[in-house]
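J.: Here you go, one structure.
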Amino acid sequence: MSMLAEPRRKQRISVDPQNLNWINNEKNFGKKLMKQMGWKGGGLGPEGVGIKDCVKTKANNDQRGLGSTKDYCVPHLDEYAKILENLNKAKENKKENTFEKIKKRKKEEKSVNKLNKFEEDNKRSKRIKKGERKTEENCMDLQTNSLTMDQYFAQKMAKMKKVK
């Protein structure tokens, strides 16, 4: 019977759940071999007081290991589990701390970059106000002319005709 909180499981009940057909079968290879060695159908051992029934296997669904029971507990295993739990917590805290440090460092770098950019902009604006800015005339040899393009090219053509 299953508990209410457990999920439903299909239960298969065989025709012979106690496996009596196999137990009572006298033509079984194992029984023939044992009778040849002197076994008379009782228990095993020199006085015949051993287990008379067939060995039954059980499914191990609790992942505890073969032969373990629920009430079997070693106290030092609980302490060991607590130590491991504390170590895992410390490791998680360390990861969180490093993540927070990286986040804080990036935030500081952003603020420093903004401050530096602001200071550079201020210096530039001060230079522009003082007249330190180079004009186009100072940095390149440009010639300015008051003529329009048509007039300019007309003069050039006239000079070329004179040269020929």
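The values are calculated or read from the model by the stated rules, or taken from the named source; none is laboratory data. Quick caveat: nothing in here was measured; it's all calculated off a predicted structure. Methodologically, a virtual Cβ is constructed for each residue, glycine included, from the backbone with ideal geometry; neighbour enumeration extends over all protein chains shown.
J.: Could you check, for the stretch 70-78, whether at least one of its residues is under 27 Å from Pro17 (Cβ atoms) and touching a Lys or Arg at 6+ places or on another chain (Cβ under 9 Å)?
T.: Yes, the stretch 70-78 contains a residue that is under 27 Å from Pro17 (Cβ atoms) and touching a Lys or Arg at 6+ places or on another chain (Cβ under 9 Å).
J.: Given the criterion more than 23 Å from Thr57 (Cα to Cα), outside any loop (DSSP other than H, G, I, E, B) and over 40 Å from the mean Cα position of the chain (by Cα), identify the matching residue among Lys31, Lys35.
T.: Every option except Lys35 fails the conditions.
J.: Quick check, is Glu109 surrounded by 10 or more Cβ atoms within 10 Å (Cβ to Cβ), modelled with pLDDT under 70 and over 30 Å from Met34 (Cβ atoms)?
T.: no
J.: Are there any pairs, at least 6 apart or on different chains, whose C-beta atoms fall under 7 Å, with the first in the stretch 141-162 and surrounded by 10 or more Cβ atoms within 10 Å (Cβ to Cβ) and the second assigned to a loop (DSSP other than H, G, I, E, B) and at pLDDT below 90, and if so, which?
T.: Taking only residues 6 or more apart or on different chains, the pairs are Tyr152/Asn145.
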